[in-house]
Amino acid sequence: MKIKSSSSQILLLILFTIFLLSSVAMHAGEKAILQLESKRELFVDSYLINKLNGGAKLNLHSPRDEGPVIQFDREWEGAFCGYVTIINDGEQFKAFYRGIPTAGRDGRSGEVTCYAESVDGIHWTKPNLGLFEFAGAKENNIILADAAPVTHNFSPFLDTRPGVELDKRYKALGGTKESGLIAYTSPDGVHWKKMLEKAVFTQGAFDSQNVAFWSAAENCYVLYFRTWSGGDFQNYRTVSRTTSTDFLTWSTPQPMQFGDTPMEHLYTNQTHAYFRAPHIYVAIAARFMPRRQVLTAAQAKALDVNPKYFKDCSDAIFMTSRSGPNYDRTFMEAFIRPGIGLSNWVSRTNYPALNVVQTGPEEMSVYVNQDYAQPTAHLRRYSMRLDGFASLNAPYSGGEMITQPFTFKGGSLFLNFATSAAGGIRIEILDAAGEPISGFELAKSQEIIGNEIERAVYWNASSDLSDLAGKVIRLRFVLKDADVFSLQFK
């Protein structure tokens, strides 16, 4: 009897183990129920995705080259201008960048912070501000000078924290490892003063642009700054992160993680809250390829490239983060490749400016430093459709995607999408178990055809989803020759 009992127990244990393994396999890829609320969600990572079938995939899009917008041609600017920040302050766009005409040690006294402005983000002017003297005259666009080493990498942001003091609407950080990061404030982005004489943060290498912003999603300031994977300027240039509630006292830094992707030199990170979905942080970073030489010495001389700056090359890559010490590198390919012509293949060119900004009803722009260390150094604009970094895509042969289970707030579902004339999108709404919900089956979904930034989804001639708000559902996308860039319930 004891033998039989023992055998029965073993059999039950085996069956229970099989059940557990089957359950794990069946729910592979499942996450906790997502709370979408009314937030816009972009297809820049696998956050929403449970299953991809057929030819469906995530697809990275390439911005369109719109040409130069700011020439670094003033005497105090020059070939080594860099670390650009673009800010859209309501009715005006503002550009901030380092001016220095000659190569030399980081953080030296000759570096200044320059300023340009625009009403549309496309056509820029450099006002004569009369704030600082250069070569005996104050007719220039310099907003910070005689502040080394802060002016090496001065990086401002518009503080969106609720209740922020009007005279501190702009904040900035700048400095090197020797000085630490010094904090500044400004009412308008032009007139700046120190918050404290001493550094507010010292635990980094800082030999790059160190970027901060107010995160509404985390209810604190976040700072992404240069560190090295081996410490003390060893191994890979990488990124760490710290947070603060007052911009003066910062948490113990955490090195950013990149999943199971290979380490690469990231010269700048340019992490910021995407303006249409601020819970998603976008990082359009400069990928630096040391000693990956394209030009010969003769070609570099013909372009008048500084002889120390043509033996490496760079491009721009796209990453995201949803807070915390993790980047998502779904896309390892370049986001912006170096352009045609050898001038694009020198050291430290193709470095993106900080921030993506809206420059038209259906358009946003990112800006890129080009022709670094050359007499033709300039800032270039690249354009995209709104939310157009990446998409859920299917080819002509078709594909499907089923989302993770989620709840939402709102009455209708809206898509940012594009199809071919032959393509289309249909959406079926499923319950938490994956069964079609009556009235929202695929057969009752109105096919979506066209190319729009925002269109409501319909079933049986109605877009009303208010009865499903707060309930756990899934979406099943069925696509043919189509892209979906984002979705939002509202």
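Things worth noting here:
- Against the test of being surrounded by fewer than 21 Cβ atoms within 10 Å (Cβ to Cβ), under 21 Å from GLN209 (Cα atoms) and either in contact with a strand residue (DSSP E or B) (Cβ under 8 Å, 6 or more places away or on another chain) or of a type in the set (A, V, I, L, M, F, W, C) (or both), the options ALA172, ALA145, ALA135 yield a single qualifying residue, ALA145.
- Within the set THR249, THR243, THR261, the sole residue that is among the hydroxyl-bearing types (Ser, Thr, Tyr), part of a strand (DSSP E or B) and either modelled with pLDDT under 95 or assigned by TED's automatic domain parsing to the domain that holds GLU165 (or both) turns out to be THR243.
- Residues of segment 121-139 satisfying the condition of being closer than 17 Å to ALA353 by Cα and not β-branched (Val, Ile, Thr): GLY121, HIS123, TRP124
Here is a yes/no grid of residues against (1) touching a Phe, Trp or Tyr at 6+ places or on another chain (Cβ under 7 Å); (2) not small (Gly, Ala, Ser):
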| position | (1), (2) |
| --- | --- |
| VAL164 | no, yes |
| LYS168 | no, yes |
| LEU173 | no, yes |
| SER186 | yes, no |
| MET195 | yes, yes |
| ALA199 | no, no |
| ALA217 | no, no |
| VAL222 | yes, yes |
| GLY231 | no, no |
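- Of all residues making up segment 88-109, the number that are crowded, with 17+ Cβ neighbours inside 10 Å and closer than 19 Å to SER208 by Cβ: 7
- Residue ID - farthest from MET384 (Cα to Cα), chosen from residues in segment 449-478 that are assigned to a strand (DSSP E or B) and either β-branched (Val, Ile, Thr) or at pLDDT below 95 (or both): ILE473
- Residue, surrounded by the most Cβ atoms within 10 Å (Cβ to Cβ), within segment 110-130, restricted to residues that are aliphatic (A, V, I, L, M) and more than 18 Å from VAL69 (Cα to Cα): VAL112
- Residues that are within 22 Å of ILE317 (Cβ to Cβ) and touching a Lys or Arg at 6+ places or on another chain (Cβ under 8 Å) number at least 1 in the following strands (runs of 3 or more DSSP E) confined to segment 178-240: 211-215, 220-228.
- ASN128 meets the stated requirement of being without any contact (Cβ under 8 Å) to a residue 24 or more places away in the chain, among the polar types (S, T, N, Q) and part of a loop (DSSP other than H, G, I, E, B).
- In segment 148-166, the residues that are among the hydrophobic types (A, V, I, L, M, F, W, C), in a loop (DSSP other than H, G, I, E, B) and buried (at least 18 other Cβ atoms within 10 Å of the Cβ): ALA148, PHE154
- Considering (1) among the polar types (S, T, N, Q); (2) in contact (Cβ under 8 Å) with a residue 60 or more places away in the chain; (3) part of a strand (DSSP E or B), the lone condition that SER314 does not fulfil carries the number (2).
- Residue in segment 374-389 that is within 23 Å of ASP45 (Cα to Cα), touching a Phe, Trp or Tyr at 6+ places or on another chain (Cβ under 8 Å), crowded, with 24+ Cβ neighbours inside 10 Å and at pLDDT 95 or above present: yes
- Pair list, Cβ under 7 Å, 6 or more apart: segment 364-387 residue in a loop (DSSP other than H, G, I, E, B), other residue among the β-branched types (Val, Ile, Thr) and surrounded by fewer than 23 Cβ atoms within 10 Å (Cβ to Cβ): LEU386/ILE453
- From the list ARG337, ARG329, ARG348, ARG322, the one residue that fits, being of a type outside the set (Val, Ile, Thr), more than 30 Å from THR242 (Cβ to Cβ) and assigned by TED's automatic domain parsing to the domain that holds TYR267, is ARG337.
- Any hit, segment 291-310, residues being assigned to a strand (DSSP E or B) and either more than 20 Å from ASN210 (Cα to Cα) or out of contact with any strand residue (DSSP E or B) (no Cβ under 9 Å at 6 or more places or on another chain) (or both): no
The values are calculated or read from the model by the stated rules, or taken from the named source; none is laboratory data. Predicted model, so just to flag it, every value in this text is computed and none were measured. Cβ sites come from the backbone with ideal geometry, for glycine too, and all protein chains shown count toward neighbours.
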